[in-house]
Amino acid sequence: MITAERKPMEELIECLRPYHRILLVGCNECVTVCSAGGRKEVGILSSALQMAFMKEGKTLDVKEITLERQCDPEYVEELVTHIDQAEAVMSMACGCGVQEIAGRFKSKPVFPALNTTFMGASERQGVWVERCQGCGECVLALTGGICPIARCAKQLLNGPCGGSTNGKCEVDPDIDCAWQLIWDRLKALGLEDRYEDNIAAKDWRTGRGGGPRKIIREDLVK
Amino acid sequence: MKTESVLEKVFASGELAVTSECGPPRGALAEKIIEKAKMLQGYVDAVNVTDNQTAMVRMSSFAACVFIKQLGMDPILQMVTRDRNRLAMQADILGAYAHGIDIMLCLSGDHPHFGDHPMAANVHDIDSVQFVQMVRDMRDKGRFQGGDEILNPPKMYIGAAANPFADPFELRVARLAKKIKAGTDFIQTQCIYNLDKFEKWMDGVRDRGLHEKVNIMAGITPMKTVGMARYMKKRVPGMDVPDELIKRMAGVPKEKQADEGIKISIEAIERLKEVEGVKGFHIMAIEWEQKVPEIVERAGLLPRPKEFS
Ligand code: SF4
Ligand code: SF4
């Protein structure tokens with residue numbers, strides 16, 4: 001999923017200072033799962049904002065809506081009936097959702113309520129960890145199913161740097177060394193030999209190196 | 001011979017090679033680098049010039065190498081993948097070679113987290129193994145990494161690092177093998193304090209015959225104080241300082257600790273000379289370059305061969 005965290009209250013209040021009526025839009029997908037921008041968080045932020053405005057002797061009228069998927073134009077369309085009453089929109093989706101609204105409602109200011117962080121997984125209750133950087137040319141088959149790009153602090157493709165210590169990364173003893181994990185996996189699979197294959201320099205064009213990316217599925221395009 | 005470099009010639013002659021290092025200054029101070037290099041002149045075959053060591057901004061390795069070259073010495077251009085993408089790296093390699101710099105050390109580098117710009121983007125376009133491969137292909141195929149032909153390809157003598165003390169230990173010989181496969185000509189190891197572990201690693205290296213494919217230089221760093229020894233043990237990732245060494249340093253009065261540190265280094269060199277496959281020593285006296293001549297001399301590594309440079 002895409003993970004995100006809510007921005008600090010002060011920053012959000014600052015964005016909304018000039019307005020009296022806003023739409024606060026959550027999303028039912030990833031940000032719901034990571035407890036950052038689902039229906040529940042929309043309710044909490046809405047109350048917090050109204051309270052903060054009240055303290056400053058002002059009022060803020062908040063219309064709360066949580067869409068099924070904010071990155072999908074079909075669902076964003078549901079805002080049409082509410083958009084005119086609002087002076088601005090605050091989105092509690094990931095950056096994709098925020099942009100979808102901005103693209104659809106060209107004359108309405110849209111503010112992100114979240115900092116979108118990474119593509120990751122839930123490690124345990126309340127803890128999310130980065131797992132993939134969307135490089136566009138997955139190498140997990142070579143590395144025992146552990147991503148050296150997202151999980152090694154130096155995105156090394158050919159093995160651990162000289163700082164790997166007791167299974168931990170040199171950057172932070174709380175982070176597992178990706179290459180220790182890869183090595184342990186390769187051993188468990190009896191694929192130690194695979195480590196000896198030199199992995200060639202990556203072609204970053206499939207990643208961010210080629211500029212903004214696009215997928216076109218001819219079979220689906222209407 | 002693959003190159004014209006002094007280091008390749010020294011290895012070929014069968015003599016133990018000796019290198020040391022200079023950290024460029026944190027300012028536009030030519031005299032600092034010249035002063036440091038001069039202390040080493042005549043005592044080493046070539047001088048490593050670090051590249052934003054510990055992720056702190058310093059004068060570029062390339063510029064500092066040029067100053068050292070102008071002294072008639074042989075610099076080793078260190079380069080890390082942390083700060084440059086493959087275009088910038090290859091551009092600097094061409095420039096350096098055009099200035100007569102023909103030895104380099106290919107590293108991934110410490111993470112920016114450790115330095116004075118922890119907020120900087122870390123590039124890591126390629127890793128150290130791919131870096132070695134790139135420089136080898138530039139030399140042997142005369143091609144840029146992107147595939148185009150190079151006019152007058154740089155003939156670099158290629159070095160890489162090895163840390164026998166980092167984890168997982170069982171992978172460390174295989175990691176060396178990958179660097180050799182990529183085309184490294186020589187290896188400079190992490191500072192060796194745990195000699196038993198180093199020798200165990202060398203056993204693994206010899207078992208695979210890797211010592212015949214690459215010239216391994218043992219890394220030696222003298223300790224100034226027991227405080228430094230403790231700091232290295234605790235704070236420097238991938239450094240293995242045995243407790244006996246710390247005890248030994250702590251056992252002598254403060255004013256004698258520096259001498260003890262030098263003695264420990266010399267003993268290490270003497271012992272490592274006997275290890276089959278060790279082809280030289282890389283003496284890194286950090287901000288203590290003036291001690292290198294004494295170590296080289298007392299370890300019986302003088303005179304340095306003159307005919308090659
Ligand atoms: S290799 Fe690329 S696509 Fe695969 S998990 Fe890593 S970043 Fe994601
Ligand atoms: S310690 Fe491991 S995860 Fe951290 S940078 Fe080095 S190889 Fe990558």
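The set of residues in region A:164-178 being open to solvent by 20 Å² or more (accessible area, probe 1.4 Å) and either more than 7 Å from chain B (Cβ to nearest Cβ) or hydrophobic (A, V, I, L, M, F, W, C) (or both) consists of A:K168, A:C169, A:V171, A:D172, A:P173, A:D174, A:I175, A:D176.
Could you please let me know if A:G95 is away from ligand 1 (no atom under 12 Å from the Cβ), under 26 Å from B:V123 (Cβ atoms), at pLDDT below 95 and not hydrophobic (A, V, I, L, M, F, W, C)? No; evaluated as a whole, the condition is false for this residue. Each residue in region A:105-122 was checked for being away from ligand 1 (no atom under 16 Å from the Cβ) and under 30 Å from A:P148 (Cα atoms), and 4 of them qualify.
Contact map, region B:257-272: residues that are within 20 Å of B:G227 (Cα to Cα) paired with residues that are among the hydroxyl-bearing types (S, T, Y) and open to solvent by 10 Å² or more (accessible area, probe 1.4 Å), Cβ distance under 7 Å, separation 6+ or inter-chain. Pairs shown: B:Q257/B:T225.
If the condition is being free of Cβ contacts under 8 Å to residues at least 40 places away in the same chain and outside any loop (DSSP other than H, G, I, E, B), then region B:273-294 contributes only B:E294.
Can you find, within region A:93-103, the residue that is farthest from A:V33 (Cα to Cα) among those that are more than 11 Å from the chain's Cα centre (by Cα) and open to solvent by less than 40 Å² (accessible area, probe 1.4 Å)? So the residue we want is A:G103. Examine region A:172-186 for a residue that is acidic (D, E) and near ligand 2 (Cβ under 10 Å from one of its atoms), and state whether such a residue exists. Yes: region A:172-186 contains one or more residues that are acidic (D, E) and near ligand 2 (Cβ under 10 Å from one of its atoms). If you go through region A:75-92 one residue at a time, do you hit one that is within 13 Å of the chain's Cα centre (by Cα) and closer than 18 Å to A:M1 by Cβ? Yes, region A:75-92 has at least one match.
The set of residues in region B:128-143 being more than 10 Å from chain A (Cβ to nearest Cβ), outside any loop (DSSP other than H, G, I, E, B) and not hydrophobic (A, V, I, L, M, F, W, C) consists of B:R136, B:D137, B:R139, B:D140, B:R143.
The rows are residues; the columns are (1) under 29 Å from B:I126 (Cα atoms); (2) open to solvent by 50 Å² or more (accessible area, probe 1.4 Å).
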position	(1), (2)
B:A17	no, no
B:A37	no, no
B:L40	no, no
B:A63	yes, no
B:I68	yes, no
B:Q78	yes, no
B:N85	yes, yes
B:M89	yes, no
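Could you check region A:136-181 and list, in sequence order, the residues that are among the polar types (S, T, N, Q) and within 16 Å of ligand 1 (Cβ to nearest atom)? Residues satisfying the conditions are A:T143, A:Q155, A:N158.
Within region B:176-208, the residues that satisfy the criterion of being open to solvent by 20 Å² or more (accessible area, probe 1.4 Å), among the basic types (K, R) and in a helix (DSSP H, G or I) are B:K181, B:K197, B:K200, B:R206.
Do the conditions hold for B:V226, that is, is it under 19 Å from A:P173 (Cα atoms) and either within 14 Å of chain A (Cβ to nearest Cβ) or in contact with a helix residue (DSSP H, G or I) (Cβ under 8 Å, 6 or more places away or on another chain) (or both)? Taking the combined requirement at face value, the residue does not satisfy it.
Screening A:A102 with (1) away from ligand 1 (no atom under 16 Å from the Cβ); (2) within 12 Å of chain B (Cβ to nearest Cβ) gives one miss only, at (2).
Among the residues of region B:144-159, those identified as more than 13 Å from chain A (Cβ to nearest Cβ) and open to solvent by 20 Å² or more (accessible area, probe 1.4 Å) are B:D148, B:E149, B:L151, B:N152, B:P153, B:K155. Among the criteria (1) part of a loop (DSSP other than H, G, I, E, B); (2) more than 9 Å from every other protein chain (Cβ to nearest Cβ); (3) open to solvent by less than 60 Å² (accessible area, probe 1.4 Å), the one A:L181 does not fulfil is (1). When region A:124-135 is filtered for residues that are away from chain B (no Cβ under 14 Å) and within 16 Å of ligand 1 (Cβ to nearest atom), the ones remaining, listed by number, are A:W128, A:V129, A:E130, A:R131, A:C132, A:G134. In the set (1) farther than 27 Å from B:A182 by Cα; (2) touching a residue at least 12 places away in the same chain (Cβ under 8 Å), A:K214 fails one condition alone, (2).
Of all residues in region A:187-222, those satisfying the criterion of being assigned to a loop (DSSP other than H, G, I, E, B), more than 9 Å from chain B (Cβ to nearest Cβ), within 13 Å of ligand 1 (Cβ to nearest atom) and among the charged types (D, E, K, R) are A:D203, A:R213. Filtering region B:99-127 to residues that are more than 9 Å from chain A (Cβ to nearest Cβ) and part of a loop (DSSP other than H, G, I, E, B) leaves B:H99, B:G100, B:I101, B:D102, B:G115, B:D116, B:H117, B:P118, B:M119, B:A120, B:A121, B:V123. Selection of region A:104-163 for residues being open to solvent by 70 Å² or more (accessible area, probe 1.4 Å), within 16 Å of ligand 2 (Cβ to nearest atom) and part of a loop (DSSP other than H, G, I, E, B) yields A:Q133, A:L142. Identify, from the list B:D51, B:D45, the residue that is in contact (Cβ under 8 Å) with a residue 60 or more places away in the chain and surrounded by 16 or more Cβ atoms within 10 Å (Cβ to Cβ). Unique residue meeting the criteria: B:D45.
The values are calculated or read from the model by the stated rules, or taken from the named source; none is laboratory data. In this text the structure is predicted, and so the values were computed from the model without any measurement. Quick reminder, even Gly has a Cβ in these numbers, built from the backbone with ideal geometry, and neighbours come from all protein chains shown. Ligands, DNA and RNA are stripped out before the accessible areas are found, and what is left, the full protein with its side chains, is counted by its heavy atoms. Shrake-Rupley method; radii C 1.70, N 1.55, O 1.52, S 1.80 Å.
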